[in-house]
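In what follows, a single structure is set out as structure tokens and then discussed.
The values are calculated or read from the model by the stated rules, or taken from the named source; none is laboratory data. In this text the structure is predicted, and so the values were computed from the model without any measurement. Cβ coordinates were reconstructed from backbone atoms using ideal geometry, including for glycine residues, and neighbour counts include every protein chain displayed.
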Amino acid sequence: MKKRILAVLIAASALGLWAARAQQSQQVPGQKPVPLFKGDKKDKDEDESTRSVSGTVRDEAEAAVEGSVVQLKDTRTLRIRSYITKADGNYFFHGLSTNVDYEIKADFKGNSSDKKTLSVYDSRKNPVINLKLEKK
């Protein structure tokens, strides 16, 4: 009997979580989702300690480059994240620490951009760093 009650409680909990997540997926774009648990709510400290970076990769003729590989290197851990640009040449990295310097560069078919640095002293929340490919 206890096993049946436990199984029913687990199934009801799973169904409730599924329904809540389904309701969140129907929210209006740009609207923040309602947290399911207190632990899901992001603290202001966490938001203030992260940032993003974006930009556009262009060639020497100033045309956007599709398929360029943009690499973001964490200079503290040496971890590298990559992004492949779409037709508009744009890239985007989020969840970056404000306490770390990052190096950004782009490569495409043997052409590379200069390395740019996103510094800890750059206080912008969403800086834009455009990259220009040059023949090497």
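A few notes on this one:
- Residue in segment 86-93 that is hydroxyl-bearing (S, T, Y) and in contact (Cβ under 8 Å) with a residue 60 or more places away in the chain present: no
- Checked against the criterion of being touching a strand residue (DSSP E or B) at 6+ places or on another chain (Cβ under 8 Å) and free of Cβ contacts under 8 Å to residues at least 60 places away in the same chain, the candidates S123, S119, S97 yield just one match: S97.
- Residue in segment 30-43 that is polar (S, T, N, Q), exposed (fewer than 10 other Cβ atoms within 10 Å of the Cβ) and either at pLDDT 95 or above or farther than 18 Å from V128 by Cα (or both) present: yes
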